[in-house]
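Following: one structure in structure tokens, then a few remarks.
The values are calculated or read from the model by the stated rules, or taken from the named source; none is laboratory data. Note that the coordinates shown come from a computational prediction; the quantities given were computed from them, not determined experimentally. Using ideal geometry, Cβ is built from the backbone for each residue, glycine included, and neighbour counts are taken over all protein chains shown.
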């Protein structure tokens, strides 16, 4: 992110390049079968996967979750992106393990002791499984943000809260614009005063950014008003119209988004729901049987049902894309 | 039938004594393309806002504004100046749907309208894109499309091309023209650059400043009448398109159809030169009684030469400036390669160049050719991956950002100038006087007009007293007058021995004020030449004057040169009729038609 910030010089040349990069990224994402699913199916899928990962302490399920997440990332985002992710996920995992060893001294099997500090094998196991869980969840969230784009998210929630849906879209518009302006201001400062260091130029830049944004927000408001945004939907609009209508019933804001909920989507929703209920129920029963301290116990208490549910749910995108690939190959052969 | 009409509209802002609009009467016929022209501060924006009911400013208003077709939900579309600020949402699709969502239309209707609208404006391939990834020109076309999607019968535009480079501006105006001719939408467009708009418009409204108003604040003309009016009042002539300027300067106030674009300009030039030659022999005999000197004086009286800019010392030098001369070199680039990221394409590829001291250097080229990147590399904001950037010893360097707003950090112009290191009150006041912004010292920098803001940013940079100045699109959003002021200022700076490197899309500006020009394309400098040779050598990428006079009178890039050439050629012909036929470049073969068709 920092890199893109520096790069956002804000000139047209730059934009042209960003467009090309953006379009390549998007087409790769759009070409998948998974992206054709109804947003509700996607949301339920990710909710289920993340829920199952969060509820289980069992290394088998966590390992399965992390492994399948990695496979999915390879499939949808490419090995290069996975490598980028790993570059900071692995250090983070190591830090989690280290801190757990340092501050958690429970456990029976002593590995090493320095003065009052004792490092135990169980603490290492516990730290490792927490790190594994965190890693898996990071990966799934990365995939979530790849697929649950703002328009899909808003499609699901806009009918419930139309104003918030618009606000989200506006914020998403505002953030890159403001970033771009901030870089422009900082660059201008560097040119005007290359030796200036410390907090003062930064606060100056921020205050200037503030004035710029507020100044321009007035124009945005004008633009919205000129396109018929009245700001209060649901109650009556009291403004005057030139054609003589003094008041006019305001209409409720509608939404342009539309996805078809197909029979296939409904089947998937039901299947996912059942898997999630099965998995969570069995996890709630079996997690009581499994623990780390004083010694690791209950590893053999792994619920087959939970493992099955997690495996089926998490490998679903792989199966989906595999099936698609198969069908594609068949259609090519026929032709 | 009138789409919009105003009767004796008078408007005063709160807490102001004098009205900004006084007794304005105007009518805009249905389906017309109306251009509203007025100098900065004449109340153009205020007038436009009165015509859009939802944006009418607060204040005391007398008189009436009538809008036909008021039964529509959104009878009037409105497009403003800044491409960025008008965009409300994050994706192109949502932006187009915004107005329709406000009307509460059904999803199917919205999708249909957005789809047809996007395909009409050529935005389909961008539908899924985030709005912040678009270029300025694309953003402004998106704003136009987003206003048109509600199907308004009237479209009001407030300086829509002011923030765009000339290529993007022309593209935008093409779309605007289509909206007018293909959909029949009534268009009211406020502009201070008439280059491309005058030829499009059926009607021109001239808005005088209320303090200078002759008898009426708004005068209505056809575009031809408007040119005649400008020709009569010398002040406005520099705002006209180049071909029109030349015709005005040559013909005075003859009873002709004024050329408004290059095509009609070429036709006019051929006819004009031919008519001169057919008439001269007869009139020559008439004039023979007069001595030769008197003859020349008579010709001079007939031809009105437009006023030259004051500081033209460098312009005279430019002919003698040789690029490989012994002048010391300020900046040398050797084999520079640059990319923004490890996996991104090279924006600059093995680029080598040198810029001599004490001159103005222009860098021109299309969008995404790497012009701004090149400036970034020279000033050190961007580090090149390969190659060297050498700045001559003891030379300091400063860059003007593309958007002057980025360089303002304080609440008043005075504080802003003082915030520059080593600036004292005396220096600041002197600088302000020099830039003609002394009366603005107490204002907030964001309240300045485009030209004033550009001057302030330039003044700030000059307080550092740099030897090398890098300027990114310094004429963006400026009207002809402000451009002339800025250009003269640049010329003065070059006379003082400073080196200016200007990246610009504005070819007439480059032709007029630079000494050398480079064409940057695909990350390489394709050609570099003295400005005059550069523009006469190009046939597409050159000034309107050059395109207008090519193959008729060769070697002219600015209106002044062409007027001079026409004038000198005529004198030549008058003095020595026998050489007339030899000057084939002047259409001397007696067949003007041949010349006009070869073009």
From the set of residues in the stretch B:375-397 that are facing another protein chain (nearest Cβ under 9 Å) and out of contact with any strand residue (DSSP E or B) (no Cβ under 6 Å at 6 or more places or on another chain), which is surrounded by the most Cβ atoms within 10 Å (Cβ to Cβ)?
B:376
Could you count how many residues in the stretch B:331-351 are exposed (fewer than 14 other Cβ atoms within 10 Å of the Cβ) and either within 14 Å of chain A (Cβ to nearest Cβ) or closer than 17 Å to residue B:371 by Cβ (or both)?
5
Considering only residues of the stretch B:38-58 that are in contact with a helix residue (DSSP H, G or I) (Cβ under 6 Å, 6 or more places away or on another chain) and in a helix (DSSP H, G or I), which is nearest to residue B:226 (Cα to Cα)?
B:49
Filter the stretch A:181-204 for residues that are within 7 Å of chain B (Cβ to nearest Cβ) and either out of contact with any helix residue (DSSP H, G or I) (no Cβ under 9 Å at 6 or more places or on another chain) or surrounded by fewer than 20 Cβ atoms within 10 Å (Cβ to Cβ) (or both); which is farthest from residue B:461 (Cα to Cα)?
A:204
Residues being at the interface with another protein chain (Cβ under 7 Å from one of its Cβ atoms), surrounded by fewer than 17 Cβ atoms within 10 Å (Cβ to Cβ) and not in a helix (DSSP H, G or I) - total across the stretch B:105-127
1
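Taking the stated definitions as given, is residue B:71 buried (at least 17 other Cβ atoms within 10 Å of the Cβ), modelled with pLDDT under 85 and not in a strand (DSSP E or B)? Steps first, please.
Numbers: buried (at least 17 other Cβ atoms within 10 Å of the Cβ): no; modelled with pLDDT under 85: yes; not in a strand (DSSP E or B): yes.
Criteria not met by residue B:71.
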Exactly one of A:277, A:319, A:295, A:332 is exposed (fewer than 14 other Cβ atoms within 10 Å of the Cβ) and either closer than 30 Å to residue A:107 by Cα or modelled with pLDDT under 85 (or both), and that residue is A:295
Answer yes if at least one residue in the stretch B:513-533 is under 16 Å from the mean Cα position of the chain (by Cα) and either at pLDDT 90 or above or surrounded by fewer than 23 Cβ atoms within 10 Å (Cβ to Cβ) (or both), and no otherwise.
yes
Quickly run through the stretch B:78-104 and pick out the residues that are within 7 Å of chain A (Cβ to nearest Cβ) and assigned to a strand (DSSP E or B).
B:78, B:91
Would you say residue B:525 is farther than 22 Å from residue B:191 by Cβ and touching a residue at least 12 places away in the same chain (Cβ under 8 Å)?
yes
Residue A:218 passes all but one of the listed conditions (1) facing chain B (nearest Cβ under 10 Å); (2) in contact with a helix residue (DSSP H, G or I) (Cβ under 8 Å, 6 or more places away or on another chain); the exception is number (2)
Going residue by residue through the stretch A:106-118, is there one that turns out to be over 30 Å from residue B:416 (Cβ atoms), in a helix (DSSP H, G or I) and either at pLDDT below 90 or in contact with a strand residue (DSSP E or B) (Cβ under 8 Å, 6 or more places away or on another chain) (or both)?
no
Please specify each residue of the stretch A:284-335 satisfying the condition of being without any contact (Cβ under 8 Å) to a residue 40 or more places away in the chain and under 25 Å from the mean Cα position of the chain (by Cα).
A:312, A:319, A:322
Against the conditions (1) facing another protein chain (nearest Cβ under 10 Å); (2) surrounded by fewer than 17 Cβ atoms within 10 Å (Cβ to Cβ), where does residue A:159 fall short? Just the number, please.
(1)
Might you check whether a residue that is part of a helix (DSSP H, G or I), touching a strand residue (DSSP E or B) at 6+ places or on another chain (Cβ under 7 Å) and within 30 Å of residue B:420 (Cα to Cα) occurs anywhere in the stretch A:185-207?
yes
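Sort out which residues of the stretch A:129-164 are free of Cβ contacts under 8 Å to residues at least 60 places away in the same chain and under 16 Å from residue A:55 (Cα atoms), and write them in order of number.
The answer is A:130, A:131, A:134, A:138.
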Within the stretch B:29-38, is even one residue under 18 Å from residue B:207 (Cα atoms) and at pLDDT below 85?
yes
Given (1) modelled with pLDDT of 85 or more; (2) within 27 Å of residue A:193 (Cα to Cα), index of the condition residue B:335 fails
(2)
Looking at the stretch B:460-475, which of the residues that are crowded, with 21+ Cβ neighbours inside 10 Å and more than 11 Å from chain A (Cβ to nearest Cβ) is farthest from the chain's Cα centre (by Cα)?
B:468
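Scan the stretch B:191-200 and give yes if some residue there is within 23 Å of residue B:55 (Cα to Cα), more than 8 Å from chain A (Cβ to nearest Cβ) and out of contact with any helix residue (DSSP H, G or I) (no Cβ under 8 Å at 6 or more places or on another chain), otherwise no.
Residues of the stretch B:191-200 within 23 Å of residue B:55 (Cα to Cα): B:191-192.
Next, from what is left, pick out any that are more than 8 Å from chain A (Cβ to nearest Cβ): B:191-192.
Now drop any that are not out of contact with any helix residue (DSSP H, G or I) (no Cβ under 8 Å at 6 or more places or on another chain), which leaves B:191.
Yes, there is a match, as at least one residue in the stretch B:191-200 is within 23 Å of residue B:55 (Cα to Cα), more than 8 Å from chain A (Cβ to nearest Cβ) and out of contact with any helix residue (DSSP H, G or I) (no Cβ under 8 Å at 6 or more places or on another chain).
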Starting from residues that are over 27 Å from residue B:43 (Cβ atoms) and within 11 Å of the chain's Cα centre (by Cα), keep the ones in the stretch B:167-197 and report whichever is modelled with the lowest pLDDT.
B:167
